[in-house]
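Since the structure comes first, as structure tokens, the remarks are kept for the end.
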Amino acid sequence: MIGPGRRTRVFAYATPCDMRKSYNSLSGLVMAVGHEVAAGDVFLFVGRTRRRAKVLWYDGTGLCLLSKRLDQGRFASPWVQGKDELELTMSELALLLEGCEVVGRIPLSPPAVDAAKAGRVMRASFC
């Protein structure tokens, strides 16, 4: 498992990436867009042909790099919307890595619930 679930933030790099890049080069791209590599966030990079993708994250002890090449089809292009970066949920990242092409084009996950403001998520509700 990459992270603890919905609390882990996933950022997709805004332009096609050279898939020959490794730990240090991808870390440099992360820092160039203003993020800290060791913050525990997950960073997604998709190649120009959209057949390869890499995921970089720091798990608390070191950098981890997941690389995937699709045999058929293409990954969704996270740079289509013209934004500087695209933030996904862990569920959307999993769908993207499985080859789902609508990830990033339409919201697939509901917004996170603020437990302090949600009256139904109180301990008294379950007792």
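Is there a residue in the range 68-78 that is touching a residue at least 24 places away in the same chain (Cβ under 8 Å), of a type in the set (Phe, Trp, Tyr) and surrounded by 15 or more Cβ atoms within 10 Å (Cβ to Cβ)?
Yes, some residue in the range 68-78 is touching a residue at least 24 places away in the same chain (Cβ under 8 Å), of a type in the set (Phe, Trp, Tyr) and surrounded by 15 or more Cβ atoms within 10 Å (Cβ to Cβ).
Rundown of residues vs (1) buried (at least 18 other Cβ atoms within 10 Å of the Cβ); (2) touching an Asp or Glu at 6+ places or on another chain (Cβ under 8 Å); (3) β-branched (Val, Ile, Thr), yes/no style:
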site	(1), (2), (3)
ASP18	no, no, no
LEU29	yes, no, no
VAL37	yes, no, yes
ASP41	yes, no, no
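Show the residue pairs that are 6+ apart or on different chains and have beta-carbon atoms under 8 Å apart, the first residue being within the range 15-39 and modelled with pLDDT of 90 or more and hydroxyl-bearing (Ser, Thr, Tyr), the second being surrounded by 11 or more Cβ atoms within 10 Å (Cβ to Cβ) and outside any loop (DSSP other than H, G, I, E, B).
Close Cβ pairs satisfying both conditions: SER22/LEU65; TYR23/LEU56; TYR23/LEU63; TYR23/LEU65; SER27/VAL37; SER27/LEU56; SER27/LEU63.
Starting from the range 88-99, take each residue that is within 15 Å of LYS68 (Cβ to Cβ) and list its partners that are at pLDDT 85 or above and surrounded by fewer than 19 Cβ atoms within 10 Å (Cβ to Cβ), counting only C-beta distances under 7 angstrom and pairs at least six apart or across chains.
LEU97/LYS68; GLY99/LEU70; GLY99/GLY73
Quick check on LYS117: is it at pLDDT below 85, assigned to a loop (DSSP other than H, G, I, E, B) and within 29 Å of GLY28 (Cβ to Cβ)?
No, not satisfied.
Please give the number of the condition GLY3 fails out of (1) part of a loop (DSSP other than H, G, I, E, B); (2) at pLDDT 90 or above; (3) not β-branched (Val, Ile, Thr).
Looking at each condition in turn, GLY3 falls short on (2).
Give the range 18-56 a look and list any residue that's within 12 Å of the chain's Cα centre (by Cα) and of a type outside the set (A, V, I, L, M, F, W, C), or say none.
Correct list: GLY40, ASP41, LYS54.
The values are calculated or read from the model by the stated rules, or taken from the named source; none is laboratory data. Keep in mind that what you see is a predicted model, and the values were worked out from it rather than measured. Reconstructed Cβ throughout: ideal geometry from the backbone, glycine too, with neighbour counts over all protein chains shown.
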